[in-house]
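Below you'll find the structure, written out as structure tokens, and then a few comments.
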């Protein structure tokens, strides 16, 4: 027994990391002459104490669940997919194309088709790097990150030259037809005439994200394919010996990964903007890496980590609105959380592990 | 729980309204950020000028994400700020979707366009960047000895093509045989803030014979101006007067008076005249910069020619083609 109990690994380590990040952030805020307690209160008030705040928090959460799951699938196959950003961009293109060119009778049909299109486009964007990894040994980290730039260039070309309405300044598509607009939380939950969730972008896609979490769990821990992915992730040679094809697992897990990233576009493109804008992903693909690391590649963990980052994003927006804390410092605060939970994980884990072991030795 | 949320929400919005009972103006910067040495900073300077001249206060925010556009508009409108001034064309769609919910609040979109018939409480301010660029293009062509001039854009978007197209027309008006080399820095928002790449593009254009380079690229332009000065060729700045950055090396700057537009809107306060306002040469919304730093570079002959063209454009005798009207450019292909 040289391990600490599972609850400490899953709960205590991230919690201590977050507290450390919060303490350091407080020092940063103090250093620029602002009140950290007031800032924290403002973040909580703006993100969690009002319905429209929840609307934004859950909107960001939805993005991060998709990209977090995207990275997590690849992690299970011991691959590092940094291309979530590009895959989500291209997924957005798929969503936009079906919304613009297919006359849908109802949003539910549109959502179904757009889900397939977004996932398919995202998956295709992940296909080439995964093929190169599986057949040619080109490292997936390098190829996926390169594909992010290619995706940005493709999207820019398509938006500026092909899909932009003539004369419009904004490199964006036209607004999608009314029938494809997804119901927001306001449409779904606010009673007639109430201001609940007014103007906030959270929409029905959130429930698709929750379904994706459940589907993810089922896939990884309850199916043959999931077993193969995990076996391949633990040891490639053992998996090969057991008759699992490395080429197949590499490609299939990356296709699932890219598909999940592509689904993020449902939320940003179809749910929020209702048109495809150039900057639709705005780094959510990279935040997904932190979310997956913090969530230990488990759907429950990913969900909670996504919620935390959603809170940080919405709380950060409140800080920007009502205080003089510059935007760069808000990014610093968000980065500190990523640093502590993602990169400096062992800094907390190792002393904690030693502590638990010492306690156990004393008991016995 | 919901009751609790509502109470807290009401209390919070009450507190916020109380803080801004005087209807101060608010300013929303685009994703480029407040200190971009260019477009957004010009807006910030205008707001600062308003604050120091009138003693008034204003509230501002630097956006971090697309979803915040609508959020910031709503929160400022709900808190009683009036008018709410925004920079960048990306704000026009969010304004169009929230304006109807706050009929008593005036919204200003600079560089954007919102239909005034549908939304009577919105002022759209547009600049005729193509006219200003035409004039600096003429000056570039007259200052050039090689007959080749360069253009470095930021992100490849229609607005920047509008700058490039006006510039190329100005160049060709002086010297129909001149070559205009046009490069865009990139396809992501990072292209607005990449001085190193701006510098590389300038070097590449110099190697193709360019001896005057016009930068319309935000922070990237600083690299262009620096390299042009280092390599001893001339450059043209943009948006703000950038002549002082390298005295004697910057031929002129294409001025876009975002600062004046912001200050005017803030001074008018809640009684702001809405509609559509196009600021061109006639309104001094765009122009070229002359000061002690570039006196020696601009000959009398150049000045006369440019002033002549300016008068003709204002009078309608010269029509400068605007790229954004039909997405094409007679003088330059992209």
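The values are calculated or read from the model by the stated rules, or taken from the named source; none is laboratory data. Everything quoted here is computed from the prediction, not taken from an experiment. Cβ: placed from backbone, ideal geometry, glycine included. Neighbour counts: every protein chain shown.
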So, of the residues in region A:166-183 that are in a loop (DSSP other than H, G, I, E, B) and within 10 Å of chain B (Cβ to nearest Cβ), which turns out to be modelled with the highest pLDDT?
A:175
Filtering region B:261-279 for residues that are part of a helix (DSSP H, G or I) and touching a strand residue (DSSP E or B) at 6+ places or on another chain (Cβ under 8 Å) leaves a count of 4
Kindly provide the set of residues from region A:37-61 that are within 24 Å of residue A:27 (Cβ to Cβ) and within 11 Å of chain B (Cβ to nearest Cβ), ordered by number.
A:41, A:42, A:44, A:45, A:46, A:48
Selection over region B:148-171 where residues are at pLDDT below 95 and more than 15 Å from residue B:216 (Cα to Cα) yields a count of 0
Residue ID - nearest to the chain's Cα centre (by Cα), chosen from residues in region A:324-333 that are crowded, with 16+ Cβ neighbours inside 10 Å and facing another protein chain (nearest Cβ under 10 Å)
A:330
Residues located in region B:170-195, provided they are assigned to a loop (DSSP other than H, G, I, E, B) and within 14 Å of another protein chain (Cβ to nearest Cβ):
B:187, B:188, B:194
Only one residue in B:237, B:218 is at pLDDT below 95, crowded, with 24+ Cβ neighbours inside 10 Å, in a loop (DSSP other than H, G, I, E, B) and more than 14 Å from chain A (Cβ to nearest Cβ), so which one is that?
B:218
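Got a sec? Which of A:69, A:58, A:111 is farther than 19 Å from residue A:287 by Cβ and either surrounded by 24 or more Cβ atoms within 10 Å (Cβ to Cβ) or touching a residue at least 24 places away in the same chain (Cβ under 8 Å) (or both)?
A:111
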Out of curiosity, is residue A:265 closer than 21 Å to residue A:129 by Cβ, within 14 Å of chain B (Cβ to nearest Cβ) and part of a helix (DSSP H, G or I)?
yes
Being touching a residue at least 40 places away in the same chain (Cβ under 8 Å) and farther than 20 Å from residue B:38 by Cα is true for just one of B:180, B:152. Which residue is that?
B:180
Any chance residue A:254 is more than 13 Å from chain B (Cβ to nearest Cβ), in contact with a helix residue (DSSP H, G or I) (Cβ under 7 Å, 6 or more places away or on another chain), assigned to a helix (DSSP H, G or I) and under 20 Å from residue A:113 (Cβ atoms)
no
Does residue B:151 fit the bill of being closer than 19 Å to residue B:306 by Cβ, within 14 Å of another protein chain (Cβ to nearest Cβ) and buried (at least 24 other Cβ atoms within 10 Å of the Cβ)?
no
Check off (1) touching a residue at least 12 places away in the same chain (Cβ under 8 Å); (2) within 20 Å of the chain's Cα centre (by Cα) for residue A:116 and give me the number that stays unchecked.
(1)
With the condition kept exactly as written, say whether any residue in region A:134-148 is within 18 Å of residue A:97 (Cβ to Cβ) and crowded, with 18+ Cβ neighbours inside 10 Å.
no
Does any residue of region A:183-199 turn out to be under 30 Å from residue A:74 (Cβ atoms) and in contact with a helix residue (DSSP H, G or I) (Cβ under 8 Å, 6 or more places away or on another chain)?
no
Please work out which one of (1) assigned to a helix (DSSP H, G or I); (2) touching a strand residue (DSSP E or B) at 6+ places or on another chain (Cβ under 9 Å) is the condition residue A:249 fails and give its number.
(2)
Could you please let me know if residue A:92 is in contact (Cβ under 8 Å) with a residue 24 or more places away in the chain, within 14 Å of another protein chain (Cβ to nearest Cβ), crowded, with 16+ Cβ neighbours inside 10 Å and in a helix (DSSP H, G or I)?
yes
Look at residue B:282 and say whether it is at pLDDT below 95, closer than 20 Å to residue B:171 by Cβ and assigned to a loop (DSSP other than H, G, I, E, B).
no
